[in-house]
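I have placed the structure first, in the form of C-alpha cells, so that the comments after it can refer back to it.
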Amino acid sequence: MSVHEIKHPLVQHKLGLMRSSEKSTRSFRQLAAEVGCLLTYEATKDLELEPYTMQGWCGEIEAQRIKGKKITVVPILRAGLGMLDGVLDLVPSAKISVVGLYRDEETLEPVTYFEKLASDIESRMALVVDPMLATGGSMIATIDLLKNAGCTSIRALVLVAAPEGIAKVQAAHPDVDIFTASVDQKLNEQGYIIPGLGDAGDKIFGTK
Ligand code: U5P
C-alpha cells in the first residue's frame, strides 16, 4: 500500500485557503468539493481501459472506455458528503454507498449507525471519502465493512491525514492506497489533526 500526497499546485493552493480560520461555510464547502475532485483525478489514473468500436462521423472507429462495473463512492457521514459533489463531477455515473459513523467522543472509537451499499459491491472499485484521516478509526471501520460485503478494490481519499491514522490504516489494510492533499504533523489529545482544518463536518455544514 502507498500514500499519495498530491503536490499539484492547485491542490496545495486550495488546501491552504481551507486552513484559514476566516473561511466562510460556503467557501470551505466549495473548496472541499474541489480538492475532492482533484484527488479523484489522481486516484483514478490507473483505471483499466478496454477498446470498443462505434460509429464516428467518418465511419467505424475504435475508442477506449473504462473497463468493468462502475465505481462506487463511499462518503462517510457526515463530513464525507462535503467531498461527494467534487468526486461525482469526474465520475458522474458512480454508485453511492453511504456509511454513517460517529466518533464516540470518550473512546474516540467509531460507531456504525447507517450502511447502504451499492449492489455488486464485489465487482466495483470503492473510493472512500472523508475529509480527515485522524485516528484512522472511521476509515478502518468503513474498509472493514466494505470488505465484509465482498469489496476487494478500495482507495481512501482524504483532504488531510495524520501520520498516526495513516500508520493504523496501513497496518489494518495494507492493500488500500491513500490519496491526500497533505500528511500533517500530528494528532492532539482530542484526536484533532494539527494543523489540520478543525472540525471538517462543522465547517462544511456550518454548524459551529
Ligand atoms: N475529524 C475532524 N477534524 C479532525 C479530526 C477528525 O473533522 O481534525 C472528524 C472528521 O469528520 C472525520 C473523523 O470524519 O473525525 C475522522 O476521525 P478518525 O476516525 O480518523 O479519528
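Coordinate-derived values only; no laboratory data. Worth saying up front: this structure is predicted, and the values here are computed from it rather than measured. Backbone-built Cβ (ideal geometry, glycine too); neighbour counts: all protein chains shown.
Table for the structure above
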{"read-out": "Sequence-distant residues sharing a close amide H with residue 4 (under 5 Å, placed H)", "value": "178, 179, 180"}
{"read-out": "³J(HN,Hα), Karplus 6.51/-1.76/1.60, whole Hz, each residue of the stretch 182-197, x for Gly, Pro", "value": "7, 9, 8, 5, 5, 9, 8, 5, 8, x, 8, 7, 10, x, x, 10"}
{"read-out": "Rounded to whole Hz, the Karplus (6.51, -1.76, 1.60) HN-Hα couplings of the stretch 89-101, x for glycine and proline", "value": "4, 8, 10, x, 9, 4, 8, 10, 10, 8, 10, x, 10"}
{"read-out": "Footprinting exposure proxy for 164, 189 (fewest neighbouring C-beta atoms within 10 Å first)", "value": "189, 164"}
{"read-out": "The stretch 77-198 - charge dipole about Cα centre, Lys and Arg +1 at Cβ, Asp and Glu -1, debye rounded to 20", "value": "240 debye"}
{"read-out": "Percentage relative contact order, the stretch 38-78, counting C-alpha pairs under 8 Å, at least six apart", "value": "31 percent"}
